[in-house]
Amino acid sequence: TTMDDYGDLDNAIGRLDDFSWILFTSVNGVYIFFERLLKAGLDSRALKGVKVAVIGEQTAARLKGFGIIADLQPERFTSEAALEAFRSRKEDLQGRRVLFPGSEITRDILPEGLRKMGAEVVIVPVYRNLRPEYTDGELDELFDTPPDLITFTSSSTVTNLASILRGHHRENFLERIRGASIGPVTSATARENGIHVVTEAAPHTIPSLVYTILDYYNRKVRK
């Protein structure tokens, strides 16, 4: 969901010349950033002196919709791959400021990796992931006959589900789950929570996850 206050983002937009890079890791981040940019009476020309990095094909496509082609886009859609891409540029990031508009629960690995390379990373939350509420009865009904497969599109979807189940003293349901994961980080989080991951998307996108699930069931049928 959106934030109640975009003051920090608006302030960053007002001083874009202070930043060497902007890093987008989601379609939401791109959309909200440009929505606030336009609201400030600016357009993509305001980024003329700033390089832009993206993670993911859909994020890059949304960025192109606003007239910006990414300067850095790793082939693999992970934070680790983004760090590798920054290192491969052999660009001196010492003292350079990086703007990171993202989720309120942005993972630490990417900003921390950039900080170790000398960059000053400014994280500006532009949207938040909310955890839905369920009753004991709803959870019991859902897992009375466990779903054949549960999709996990981020580590937060794993931790939110695990938190919901544990909060209702239904943590034993976790071991009944067969998961389809969007990528290795999400898979690792799932396994840490006792979830059996049966298939993982490659590349790490929603369309690829759909095809991975179809292929998984086709293979089961052939067996």
Worksheet item: Has the range 171-190 got any residue that is in contact with an Asp or Glu (Cβ under 8 Å, 6 or more places away or on another chain) and assigned to a loop (DSSP other than H, G, I, E, B)?
Response: yes
Worksheet item: Does the range 51-60 include one or more residues that are open to solvent by 30 Å² or more (accessible area, probe 1.4 Å) and at pLDDT 95 or above?
Response: yes
Item to complete: Search the range 97-128 for residues being assigned to a loop (DSSP other than H, G, I, E, B) and open to solvent by 70 Å² or more (accessible area, probe 1.4 Å), and hand back the single one that is modelled with the lowest pLDDT.
Response: Ile105
Worksheet item: Residues of the range 138-164 being assigned to a helix (DSSP H, G or I) and under 30 Å from Thr25 (Cα atoms), which ones?
Response: Ser155, Ser156, Thr157, Val158, Thr159, Asn160, Leu161, Ala162, Ser163, Ile164
Response to the item:
Taking the range 76-91 and the residues there that are among the charged types (D, E, K, R) and over 20 Å from Asn28 (Cα atoms), the one that is surrounded by the fewest Cβ atoms within 10 Å (Cβ to Cβ) would be Lys90
Practice prompt. State the number of residues belonging to the range 194-207 that are within 15 Å of Arg76 (Cβ to Cβ) and modelled with pLDDT of 90 or more.
Written response: 2
Discussion item. Being free of Cβ contacts under 8 Å to residues at least 60 places away in the same chain and in contact with a Gly (Cβ under 6 Å, 6 or more places away or on another chain) is true for just one of Leu209, Leu174, Leu165, Leu214. Which residue is that?
Written reply: Leu174
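The values are calculated or read from the model by the stated rules, or taken from the named source; none is laboratory data. Just so we're clear, the structure is a prediction, and the values are computed from it rather than from any experiment. Positions of Cβ are generated from backbone atoms using ideal geometry, with glycine treated the same way; all protein chains shown enter the neighbour counts. These accessible areas exclude ligands, DNA and RNA; they are computed on the full protein's heavy atoms, side chains included. Shrake-Rupley method; radii C 1.70, N 1.55, O 1.52, S 1.80 Å.
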